[in-house]
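**Q** Submitted below is the structure of interest, expressed as C-alpha cells.
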Amino acid sequence: MARALMKGTEAIAEAAIQAGCKYFFGYPITPQNEIPEYMSAHLPKAGGTYVQGESEVASINMVMGGASTGYRVMTTSSSPGISLMSEGISYIAMAELPCVIVNISRGGPGLGNILPAQGDYRQATRGGGHGDYHVFVLAPGNLQEAVDFTQDAFDISQKYRMPVMILADGFMGQMMEAVDIKPRKTEDPKSNADWALGWFDERGGKRAVIYSMLMNPDELEAHNTKMQKKYELISSNETRYEHFMVDDAELIVTSYGTTSRVCRSAVSNLRDKGLKVGMVRPLTLWPFPNTAYSDLPKSVKGILSVEMSAGAQMVDDVRLATLCDLPIDTTGRWGGHSPTVRQVEEKCEELLKKAINK
Amino acid sequence: MAKGRVTVREEFCKSCGLCVEACPKKTLRIADHLNPKGHRPVEQFKPDDCVGCAMCARICPDVVLTVYKID
Amino acid sequence: MSETQVFGMPKVWKSEVHTHYCPGCTHGIAHRLVCEAIEELGIQNRTMALAPVGCAVFMHQYLDIDMMEAAHGRAPATATGMKTVRADKIVFTYQGDGDLASIGMGEIVHAMNRSLPLTVIFINNAIYGMTGGQMAPTTLLGQKSTTSPTGRDAKVNGYPIRVSELLATLAGPAYIERVALTSPKYIIKAKQAILKAFKNQVENKGVSFVECLSTCPTNWGKRPVDACKWLEETMMPYYPLGVLKDFE
C-alpha cells in the first residue's frame, strides 16, 4: 500500500488486516467506531469475518475462542468497554493465548465523555482484571507508530502467547496523518498446533486442553511463576522508549501518546530559547522502560510528567524507575482537554527557575 | 439360564444405586465391601436373571457397567 | 452360545479418570451421551468444546477431545469465536443453569439468535451445585436452597425461568428440546436429542440446544434415587419435556 492519508482508527484496522488478522470481534463505542466499521467492510474481502458481539464482555470472550485456535484475532474498544473486557483479558492472559486489544481511550471514570484522555494508564499497565498477570502495552505517538505497533502487537502476542494492548487516546484514533502500511509476514496458524485447539490430527491424534483453573496450589504457583518468568523475559527483550534531546538536559519532560507530541514541541521551543530540556517517551507502558530514567545524564535535576489524567498516573512508574532520586512534578489537563504547548513550556520554565534558585 | 452379563468397574462405582433401581429384573445390589475410594460398589447378585437389557449401564453416571448379551 | 457386548464405554470417555461428581449426579450421564454422539458421528478429531464455570468446569478431564474452560456464562460467546475461525470444526458448549441462565443469559440468547452452527448442552438442576446449593434462576417456587432458606419467593426472587421456551421464541435456533436424565427411558430420548443436536451441526444446520433436566442429590439433600423421583414429580411439570423448536 502506497503512503496514504488516513484516520488513526482506519489505519489501525488496515494495519491489522495487513498483519494477517482475519477475525475481528467488537462492540460499538465512541471514539473507536471506525475500526469495527472498517473491519466489517474490509475483512470479508480479505477472506475473514467480522462479528459484532452483543457486548464487550461477549466480544472479548469471542476473541478468546478465536485465539484458542492459533489464528490472529483482535478486538478494539474504548475505556468503559475495556473495563467490561477486563475479566476476559485476565482469562486470556491465564490461558496464555495471543490476541490484540486496542483501547482508543476516552474521558472517565464512568461514562465520562468521548473526548481523548489518558486515564486508563493504570488499568492497562496493571492488567485491569484480577490476578497476577500483565498485558503488553504499546503507546503510539503518531499514526505511523500506530500502524507499526499494531502489526508488532500481533507478532509479540504470538511470540509470547499473551494479550497485547495498543493504548492510544482519542486524538490518535480521530486525527489523520500520512501512513505507510505494509503487509507483515505471519506464521502459519498450524505452527501453533502444539498448544492451540483444532489440530487434533496434526498433533497425531492427540487433543489439546486450555484451562485456567488449577485447584492444586502447587500447580497454580508453578503456572504463575512460569508466567512471571515470561514477563521478565519480555521486559528484557521488548521494552521500548525514545530519548529526545536528553544528553545535557537539566529538566526531563516525560509523556506518552498524544501528550508527547505537545511535549516535543515544548522541548524544541525551550531548546530554541537555550533552556536545557529533554524528553523521555515510553513506547511500551508495560513493561515500563525503567532504564530510560535510570540512565539519564547526571545533568538532570528534575522530571516533569505530562499526562491527560487527573492526578497523573504514569508518574508513579517514573518515581519507581528513578527510585525517587529526582524531584518529580506533574502537569496536564483532563476530562477531555489536552495540555497546551505553552502550558508545558511555562511549567518547565518555573521548574528550571526553582532548580537554579536552590 | 442368563441371557445377559454385566461387568462392574468396581473402583469407579460411587454406590449411587441408580442402576439397582433401573434393573427391571432386580439382579443388582450394593455390595458389602468397600472399593478403594470408600464406596460400596454395585454387584450382580442374581446373574441368572440378567437379560442384558443395559438399563443399568444407561443410567450409570460413571460408566461403570459393561453389558453383554448371551445368545 | 455366544456373547456380544451391547453396552460399553465410549472411546471418547477418558476411562482411567475418576470424575469428581457426587454419587448419583446425572452430569456423568450427560457427559457419556455427548461422548456417544461424538463417537457415532466420527467427529472426535474435529470437535472443540467449552467447559463452563460450575460443576462441569473439569469436564475437559473426562472427554478426550479438544477443550477449553470458558469464563462464567461466556461459553456461547467463546464458542462463537472458535466457530467463526474454524467453521470446519464441531463446536459445543456444556453449561449449567447458573452459568447459562443467570450470568450468561445475554451470551446464550445472542448465540442462539446468531444461528452460527453450534451445539449447546444445558444442564438444568434447579440449583447452583459447585458453590454449594444456592438459588438458581431455575430454582422452583418454594424450593429451598442455601440462599432461599425458606423457599423461593416470587415476590423477592422472581420466577423460575423456562430457558428452552424463552429461546424458542427466537428466529435463529434450528432445534431446541428438553429431555431428562432420570431413567433409562428418558435417557434413551436424551441420547437421540443430543445426537441430533450434533448431527445438525455436522450438516451445518444452525444452532441446536438440548436442555437436560438433571439431579443434584447433594444440594437437594436427597438420595440419588429419590432425587430422580423428585425431579420427575416436581420439576417435570414446570419444565415439560419435548421438542420446542425444530426447523424440519
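The values are calculated or read from the model by the stated rules, or taken from the named source; none is laboratory data. Since this is a predicted model, take the numbers as computed values, not measurements. Heads up, the Cβs are rebuilt from the backbone with ideal geometry, glycines too, and the neighbour counts pull from every protein chain shown. Just so you know, the surface numbers come from the protein's heavy atoms only, side chains and all, with ligands and any DNA or RNA stripped out. Shrake-Rupley method; radii C 1.70, N 1.55, O 1.52, S 1.80 Å.
**Q** Note down all Cβ pairs under 6 Å where the first residue falls in region A:10-31 and is within 14 Å of chain C (Cβ to nearest Cβ), the second is open to solvent by less than 10 Å² (accessible area, probe 1.4 Å) and small (Gly, Ala, Ser), and they're at least six residues apart or on different chains.
**A** Short answer, once both residue conditions are applied: A:Tyr23/A:Gly66; A:Phe25/A:Gly53; A:Phe25/A:Ser59; A:Gly26/A:Ser59; A:Tyr27/A:Gly53; A:Tyr27/A:Ser59.
**Q** Another one. For the subset of region B:38-54 comprising residues that are hydrophobic (A, V, I, L, M, F, W, C) and surrounded by fewer than 22 Cβ atoms within 10 Å (Cβ to Cβ), which member is farthest from the other protein chains (Cβ to nearest Cβ)? Can you show your working first?
**A** As a first pass, look at region B:38-54 and keep what is hydrophobic (A, V, I, L, M, F, W, C): B:42, B:45, B:50-51, B:53-54.
From the residues that got through so far, the ones that are surrounded by fewer than 22 Cβ atoms within 10 Å (Cβ to Cβ) too are B:45, B:51, B:53.
Values: B:Phe45: 18, B:Val51: 10, B:Cys53: 8 Å.
It comes out as B:Phe45.
**Q** In this structure, is C:Val57 facing chain A (nearest Cβ under 9 Å), assigned to a helix (DSSP H, G or I), in contact (Cβ under 8 Å) with a residue 60 or more places away in the chain and not small (Gly, Ala, Ser)?
**A** Details: facing chain A (nearest Cβ under 9 Å): yes; assigned to a helix (DSSP H, G or I): yes; in contact (Cβ under 8 Å) with a residue 60 or more places away in the chain: yes; not small (Gly, Ala, Ser): yes.
When the stated conditions are applied, C:Val57 passes them.
**Q** For C:Gly172, only one of the following conditions fails: (1) surrounded by fewer than 23 Cβ atoms within 10 Å (Cβ to Cβ); (2) within 17 Å of C:Thr234 (Cα to Cα). What is its number?
**A** (2)
**Q** Does B:Gly52 satisfy the criteria of being closer than 20 Å to C:Gln5 by Cβ and in contact with a strand residue (DSSP E or B) (Cβ under 7 Å, 6 or more places away or on another chain)?
**A** In short, yes.
**Q** Give me the pairs, please: first residue somewhere in region A:203-216 and surrounded by 17 or more Cβ atoms within 10 Å (Cβ to Cβ), second residue anywhere and polar (S, T, N, Q) and assigned to a loop (DSSP other than H, G, I, E, B), beta-carbon distance under 7 Å, and either six or more positions apart or on two chains.
**A** A:Ile210/A:Ser68
**Q** For the subset of region A:266-286 comprising residues that are within 14 Å of A:Asp248 (Cβ to Cβ) and either in contact (Cβ under 8 Å) with a residue 12 or more places away in the chain or crowded, with 23+ Cβ neighbours inside 10 Å (or both), which member is farthest from the chain's Cα centre (by Cα)?
**A** Residues of region A:266-286 within 14 Å of A:Asp248 (Cβ to Cβ): A:267, A:270-271, A:274-279.
Next, only the ones that are either in contact (Cβ under 8 Å) with a residue 12 or more places away in the chain or crowded, with 23+ Cβ neighbours inside 10 Å (or both) stay: A:267, A:270-271, A:275-279.
Numbers: A:Val267: 24, A:Leu270: 29, A:Arg271: 30, A:Leu275: 32, A:Lys276: 30, A:Val277: 26, A:Gly278: 23, A:Met279: 19 Å.
Looking at the filtered set, the residue picked out is A:Leu275.
**Q** List pairs: first residue in region A:35-56 and in contact (Cβ under 8 Å) with a residue 12 or more places away in the chain, second residue in a loop (DSSP other than H, G, I, E, B) and among the aromatic types (Phe, Trp, Tyr) anywhere in the structure, Cβ distance under 9 angstrom, at least six positions apart or on different chains.
**A** As it stands, the answer is A:Pro36/A:Tyr27; A:Gln52/A:Tyr27; A:Gly53/A:Tyr27; A:Glu54/A:Tyr27; A:Ser55/A:Tyr27; A:Glu56/A:Tyr27, since those pairs meet every condition given.
**Q** Condition test on A:Ala2, is it farther than 25 Å from A:Gly336 by Cβ and away from chain C (no Cβ under 14 Å)?
**A** Values: farther than 25 Å from A:Gly336 by Cβ: yes; away from chain C (no Cβ under 14 Å): yes.
So A:Ala2 fits the description; yes.
**Q** Residue by residue through region C:20-49, note down the ones that are open to solvent by 10 Å² or more (accessible area, probe 1.4 Å) and more than 16 Å from C:Ala180 (Cβ to Cβ). If you could, list the steps in order and put the result at the bottom.
**A** Of region C:20-49, the ones open to solvent by 10 Å² or more (accessible area, probe 1.4 Å) are C:20-23, C:25, C:27, C:36, C:39-42, C:44-46.
Passing the criteria: C:His20, C:Tyr21, C:Cys22, C:Pro23, C:Glu36, C:Glu39, C:Glu40, C:Leu41, C:Gly42, C:Gln44, C:Asn45, C:Arg46.
**Q** Which residue pairs have Cβ atoms under 9 Å apart, sit 6 or more places apart or on different chains, and have a first residue in region A:248-263 that is part of a loop (DSSP other than H, G, I, E, B) and a second that is surrounded by fewer than 24 Cβ atoms within 10 Å (Cβ to Cβ) and among the aromatic types (Phe, Trp, Tyr)?
**A** A:Gly257/A:Phe171
**Q** Residues of region A:94-126 being assigned to a helix (DSSP H, G or I) and either in the same structural domain as A:Val315 (by TED's automatic domain parsing) or within 15 Å of the chain's Cα centre (by Cα) (or both), which ones? Write out each step before concluding.
**A** So the first thing to find is which residues in region A:94-126 are assigned to a helix (DSSP H, G or I), and the list is A:94-95, A:121-125.
Answer for region A:94-126, where residues must be assigned to a helix (DSSP H, G or I) and either in the same structural domain as A:Val315 (by TED's automatic domain parsing) or within 15 Å of the chain's Cα centre (by Cα) (or both): A:Tyr121, A:Arg122, A:Gln123, A:Ala124, A:Thr125.
**Q** Further question on the same structure: Can you pull out the residues in region B:14-37 that are closer than 15 Å to B:Thr66 by Cα and more than 9 Å from chain C (Cβ to nearest Cβ)?
**A** Result: B:Cys19, B:Cys23, B:Thr27, B:Leu28.
**Q** Mind checking which residues of region C:149-160 are surrounded by fewer than 18 Cβ atoms within 10 Å (Cβ to Cβ) and assigned to a loop (DSSP other than H, G, I, E, B)?
**A** Going residue by residue through region C:149-160, those that are surrounded by fewer than 18 Cβ atoms within 10 Å (Cβ to Cβ) are C:149-151, C:153-159.
Scanning region C:149-160 gives C:Pro149, C:Thr150, C:Gly151, C:Asp153, C:Gly158, C:Tyr159.
**Q** With respect to A:Ser86, determine if the residue is surrounded by fewer than 24 Cβ atoms within 10 Å (Cβ to Cβ) and touching a residue at least 12 places away in the same chain (Cβ under 8 Å). Write out each step before concluding.
**A** Values: surrounded by fewer than 24 Cβ atoms within 10 Å (Cβ to Cβ): yes; touching a residue at least 12 places away in the same chain (Cβ under 8 Å): yes.
So A:Ser86 fits the description; yes.
**Q** Condition test on A:Lys226, is it within 14 Å of chain C (Cβ to nearest Cβ), at pLDDT 95 or above and open to solvent by 30 Å² or more (accessible area, probe 1.4 Å)? Don't jump to the end; show me each part of the working.
**A** Values: within 14 Å of chain C (Cβ to nearest Cβ): no; at pLDDT 95 or above: yes; open to solvent by 30 Å² or more (accessible area, probe 1.4 Å): yes.
Spelling it out, it is not the case that A:Lys226 is within 14 Å of chain C (Cβ to nearest Cβ), at pLDDT 95 or above and open to solvent by 30 Å² or more (accessible area, probe 1.4 Å).
**Q** For region C:202-229, give me each residue that is within 14 Å of chain B (Cβ to nearest Cβ), crowded, with 20+ Cβ neighbours inside 10 Å and assigned to a helix (DSSP H, G or I).
**A** Answer for region C:202-229, where residues must be within 14 Å of chain B (Cβ to nearest Cβ), crowded, with 20+ Cβ neighbours inside 10 Å and assigned to a helix (DSSP H, G or I): C:Pro217, C:Trp220, C:Pro224, C:Ala227, C:Cys228.
**Q** Got a sec? Which of C:Thr80, C:Thr84, C:Thr93 is open to solvent by less than 10 Å² (accessible area, probe 1.4 Å) and either part of a helix (DSSP H, G or I) or charged (D, E, K, R) (or both)?
**A** Values: C:Thr84 fails: open to solvent by less than 10 Å² (accessible area, probe 1.4 Å); C:Thr93 fails: either part of a helix (DSSP H, G or I) or charged (D, E, K, R) (or both).
None of the other options fit; the residue is C:Thr80.
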